[in-house]
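**Q** Have a look at the structure that comes next, please.
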């Protein structure tokens with residue numbers, strides 16, 4: 001009988017391809033549709049999701065904070081996941097089992113649960129306005145430049161006038177138009193000057209049971225250290241008096257941020273709303289670096305507002 005004196009083990013990875021690409025669509029407050037190119041490779045798929053930052057589990061098991069859904073191959077897409085928390089960033093992973101104990105790598109996608117709009121305004125169809133602060137910039141929709149202030153909110157697209165020193169590289173989402181107010185639109189600055197963006201009359205339906213009343217994307221950044229301020233105000237007497245709903249100030253970094261506003265105090269009322277940008281910049285030689293306030297109204301989702309003509 002012979003003896004085995006020498007042997008060699010060679011470890012190689014099993015060929016179990018990833019599921020890709022993974023896409024997310026039809027995102028609402030509590031649901032999302034997850035899609036991928038359908039195929040018949042392998043025995044099954046695992047779709048795992050959870051709040052951003054969770055670590056997916058091994059094989060067919062969920063990680064801490066994750067929910068795993070097993071799908072036999074060939075699995076049909078899309079798959080709707082539900083029971084999500086509103087206004088949260090989620091991560092979803094899909095991995096394939098090719099044979100018992102043989103799993104492919106995870107493919108990841110992210111999404112943010114948002115609010116379905118009942119009144120969604122966009123500046124994308126409007127012409128870009130002259131950059132001179134007092135030059136007219138007609139806005140024909142719900143949000144309009146108010147008369148009697150110092151400067152106009154301007155329609156713009158692409159990188160801000162002084163990007164990358166100040167101003168966004170593009171509108172929120174990477175494309176489209178946005179509205180901006182320049183804190184330093186002249187050599188003497190805009191100290192004490194205002195630019196007012198005002199709505200037409202709005203029928204407010206903002207029940208406490210609703211998780212979203214009004215939202216928009218905001219970019220506030222400057223290198224001057226003299227940041228303009230922004231206030232959202234409301235009036236229920238036709239504009240005779242105004243009350244602050246929320247205010248923003250300070251340098252918020254070079255990124256768009258989605259802001260959510262609770263309008264429950266105005267539920268069931270007819271109201272006007274306005275954004276008031278107030279300049280604080282007094283400088284001279286640094287004025288070219290002073291862009292500060294930008295609104296992406298095409299990202300606004302007025303879930304509880306109805307426009308009245």
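A short reminder: the numbers here are calculations on the coordinates, not readings from a lab. Please read these numbers as outputs of a predicted model, since none were measured by experiment. A quick note on method: Cβ atoms are made from the backbone with ideal geometry, for glycine too, and the neighbour counts reach across all protein chains shown.
**Q** So for each of 267-276, 67-76 I average, over its residues, the number of other beta carbons within 10 Å; can you give me the resulting order with the highest mean first? Each step should come with its number before you reach the end.
**A** On the way: 267-276: 17.9, 67-76: 13.7.
Highest mean packing first, the order is 267-276, 67-76.
**Q** Another one. By how many nm would the segment from residue 89 to residue 269 grow when fully extended, if each residue of separation counts as 0.36 nm and the alpha-carbon distance is taken off? Before the final figure, lay out the partial values.
**A** On the way: separation 180, 0.36 × 180 = 64.80 nm, distance 3.24 nm.
Result: 61.6 nm gained on full extension.
**Q** Hey, another quick one. Between residue 23 and residue 203, what FRET efficiency follows from the Cβ-Cβ distance if R0 is 35 Å, with the result rounded to 0.05?
**A** On the way: r = 36 Å, r/R0 = 1.04.
My answer for the efficiency is 0.45.
**Q** Assuming R0 = 30 Å, what is the FRET efficiency of residue 257 and residue 237, from their Cβ-Cβ distance, to the nearest 0.05?
**A** Plugging the Cβ-Cβ distance into 1/(1 + (r/R0)^6) gives 0.45.
**Q** Here is a follow-up. Using a basic spin-label model with each label point 7 Å from the Cα along Cα→Cβ, how many nm lie between residue 107 and residue 59?
**A** 2.4 nm
**Q** If each of residue 141 and residue 73 carries a label point 7 Å out from its Cα toward its Cβ, how far apart are those two points in nm?
**A** Roughly 4.6 nm, to one decimal.
**Q** Also, I was wondering about something else. What FRET efficiency, computed as 1/(1 + (r/R0)^6) with R0 = 25 Å and r the Cβ-Cβ distance, is obtained for residue 170 and residue 51, rounded to the nearest 0.05?
**A** The value I calculate is 0.35.
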